[in-house]
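The structure appears below as structure tokens.
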Amino acid sequence: MDEKNIAIRLSGVKKQYRLGSIGGRTLQAELQSWWAKKRGREDPNLRIGADPRLAGQTFWALDGIDLTIQRGERVGIIGANGAGKSTLLKLLSRVTAPTEGEIEIWGRVSSMLEVGTGFHREMTGRENIYMNGAILGMSRAEIDAKLEQIIDFSEVREFIDTPVKRYSSGMYVKLAFAVAAHLQSEIMILDEVLAVGDMAFQQKCLDTMRRAAEEEGRTVLYVSHNMNTIRRLCGRCVVLDAGRVIHDGDVEEGIAAYMDRGLGENEVDTSLDDKPRSRSLGDTGLRMRRLTLEDKITPVYAEGEALRLCLRADVDRPLADVRLRVTLRTDADVGLGTSWSEPMSLSPGERTIRVSLPLDLIARGVFYASIGLFRADEIGRPVMLDHITRAFRFERIGPPVWSTSAHGFVRLPSVRPTVE
């Protein structure tokens, strides 16, 4: 690796936050936990299924990050919510400091950690351009030279002398990105900012970032949950999970590692006990235990086959009006569709729920499924009892299509043409 071309280097970076709750453990328990950590063992006082990064009143948002990024690289950073992506970008943007480890940065950094970062709501768009440039260390002459390009790119010229508090969220992100893209910084850091702009502006931003990296040698770090933008922009992918790097390299392999996170080796008969839940739901009276894709040796479905699921759950108390929800997503993490079961009543004990979902309208490809059990509250709104994102994966095979990206994943009914 060429040391002269390094833009960012992180060595053993950790970030710890203090929680607001009170631990309340005994001195003996604290000593046991400390001694276990000292020896590299699992905390004997950690609740089963709890996040191991939680220790007493502290939380390790990042737990030992080693990363080197070269100048001109376009790096996509992906991971589930709470994986540490935003914390990493805050450290690189010097918003906060690491608890342990070293961060070395060569060059000026322009960052957008949220829409309108660094903007003053009472100031006009023009004034905010000058203020952001000054914060980045640019002279007034440098900003003057770039001002017209920034205004043209932002597409808000008619509102440039209006206070930004009157801007819509789309106008905010357009001006903020235009400033970040055109000011003289060697490193651009963006956190899910393109989720607000319209599609045409998103494409323009992606093209601008790609050219900035290829032609000007600028380094781009981009966090997004949109896998298609990661594919289109980035040449390298870093996947974070529980504050650690689990993949650093090829984009497609990184997306696969992220999408496959939490999936077991046995893809047709899976224990759900250790699967990460959407959030802590407390005592809902129900917990899903096992999922089986019936009549399958491998999760591959051909023409005419249906997705037959067998779900086993432990029910602690009688539950009425319960519905099973199955949500399908593509390998780009884009929602494909959701199916709800008819309402059912569950009595206490181990219960088995079977459903069959036709796949006739789905074209070939790899898909991921989320499963959840819900009940209706007093006014009919769905209340989550238990839910697992990406509970299983399956592949749909069938007749070849000309272009999956052009024709999508849903096969619309054929139509009969009329020729005159």
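The values are calculated or read from the model by the stated rules, or taken from the named source; none is laboratory data. Please read these numbers as outputs of a predicted model, since none were measured by experiment. Cβ atoms come from the backbone with ideal geometry, glycine included; neighbour counts cover every protein chain shown. When the accessible area is computed, the model is the full protein with side chains, heavy atoms only, and any ligands, DNA or RNA have been set aside. Shrake-Rupley method; radii C 1.70, N 1.55, O 1.52, S 1.80 Å.
Any residue that is among the aliphatic types (A, V, I, L, M), in contact with a strand residue (DSSP E or B) (Cβ under 7 Å, 6 or more places away or on another chain), farther than 26 Å from Leu91 by Cβ and open to solvent by 40 Å² or more (accessible area, probe 1.4 Å) - is there at least one of those in segment 240-262?
No, the conditions are met nowhere in segment 240-262.
May I ask you to list the residues in segment 120-136 that are at pLDDT below 80 and more than 19 Å from Ala212 (Cβ to Cβ)?
The one that is at pLDDT below 80 and more than 19 Å from Ala212 (Cβ to Cβ): Ile135.
Do you know which residues across segment 201-227 are surrounded by 15 or more Cβ atoms within 10 Å (Cβ to Cβ) and either part of a helix (DSSP H, G or I) or touching a His at 6+ places or on another chain (Cβ under 9 Å) (or both)?
Matches in segment 201-227: Phe201, Gln202, Lys204, Cys205, Leu206, Thr208, Met209, Arg210, Ala212, Ala213, Met227.
How do the pairs read when you match residues in segment 270-287 that are open to solvent by less than 50 Å² (accessible area, probe 1.4 Å) with residues anywhere that are basic (Lys, Arg) and modelled with pLDDT under 85, using Cβ under 7 Å and keeping only pairs 6 or more apart or on different chains?
Nothing qualifies.
Conditions (1) more than 29 Å from the chain's Cα centre (by Cα); (2) open to solvent by less than 20 Å² (accessible area, probe 1.4 Å), marked per residue:
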site	(1), (2)
Gly133	yes, yes
Gly137	yes, no
Arg157	yes, no
Ser168	no, no
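Please state which of the following conditions Val75 fails to meet, knowing it meets all the rest: (1) at pLDDT below 90; (2) open to solvent by less than 40 Å² (accessible area, probe 1.4 Å).
(1)
Hey, among Gly137, Gly133, which residue is within 22 Å of Leu221 (Cα to Cα), outside any helix (DSSP H, G or I) and not polar (S, T, N, Q)?
After applying the criteria, what remains is Gly137.
Within segment 335-372, restricting attention to residues that are under 23 Å from the mean Cα position of the chain (by Cα) and of a type in the set (A, V, I, L, M), which residue is nearest to Leu324 (Cα to Cα)?
Ile371
In segment 139-188, which residues are closer than 24 Å to Glu214 by Cβ and touching a His at 6+ places or on another chain (Cβ under 8 Å)?
If the condition is that a residue be closer than 24 Å to Glu214 by Cβ and touching a His at 6+ places or on another chain (Cβ under 8 Å), then Lys146, Gln149, Ile150, Phe153 are the ones that fit.
Return the residue satisfying two criteria in turn: it lies in segment 86-131 and is basic (Lys, Arg) and within 23 Å of Pro163 (Cβ to Cβ), and of such residues it is most open to solvent (accessible area, probe 1.4 Å).
Arg121
Return the total of residues in segment 325-361 being in a strand (DSSP E or B), open to solvent by less than 20 Å² (accessible area, probe 1.4 Å) and more than 21 Å from Leu272 (Cα to Cα).
1
Given the structure, is Phe409 of a type in the set (Phe, Trp, Tyr) and either at pLDDT below 85 or touching a helix residue (DSSP H, G or I) at 6+ places or on another chain (Cβ under 6 Å) (or both)?
In short, yes.
Which of the residues that make up segment 300-324 are touching a Phe, Trp or Tyr at 6+ places or on another chain (Cβ under 8 Å), in contact (Cβ under 8 Å) with a residue 60 or more places away in the chain and crowded, with 18+ Cβ neighbours inside 10 Å?
Tyr301, Leu307, Val322
Somewhere in segment 376-387, is a residue open to solvent by 70 Å² or more (accessible area, probe 1.4 Å), in contact (Cβ under 8 Å) with a residue 12 or more places away in the chain and in a strand (DSSP E or B)?
yes
Return the pairs, sorted by first residue and then second, in which the second residue is at pLDDT 90 or above and small (Gly, Ala, Ser), the first residue lies in segment 339-368 and is over 30 Å from Ile255 (Cα atoms), the beta carbons are less than 6 Å apart, and the residues are 6+ apart or on different chains.
Note: pairs meeting the criteria are Arg351/Ala313.
Can you find even one residue in segment 46-59 that is in a strand (DSSP E or B) and either at pLDDT 75 or above or not aliphatic (A, V, I, L, M) (or both)? I'd like the intermediate steps shown before the answer.
Within segment 46-59, the first condition is being in a strand (DSSP E or B), and the residues that meet it are 54-55, 58-59.
From the residues that got through so far, the ones that are either at pLDDT 75 or above or not aliphatic (A, V, I, L, M) (or both) too are 58-59.
Looking for residues that are in a strand (DSSP E or B) and either at pLDDT 75 or above or not aliphatic (A, V, I, L, M) (or both), one finds at least one in segment 46-59, hence yes.
Restricting to segment 180-200, name every residue that is buried (at least 18 other Cβ atoms within 10 Å of the Cβ), farther than 26 Å from Asp144 by Cα and at pLDDT 75 or above.
Asp191
For every residue, the table says whether it meets (1) in contact (Cβ under 8 Å) with a residue 12 or more places away in the chain; (2) of a type in the set (A, V, I, L, M); (3) within 24 Å of Val109 (Cβ to Cβ).
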| position | (1), (2), (3) |
| --- | --- |
| Ile129 | yes, yes, yes |
| Asn132 | yes, no, yes |
| Ala141 | no, yes, yes |
| Leu147 | yes, yes, yes |
| Ile150 | yes, yes, yes |
| Glu155 | yes, no, no |
| Ala181 | yes, yes, yes |
| Ile187 | yes, yes, yes |
| Met199 | no, yes, no |
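Go through segment 158-192 and give me each residue that's in a helix (DSSP H, G or I) and closer than 22 Å to Leu88 by Cβ.
Once the filter is applied, which keeps residues that are in a helix (DSSP H, G or I) and closer than 22 Å to Leu88 by Cβ, segment 158-192 yields Val173, Ala176, Phe177, Ala180, Ala181.
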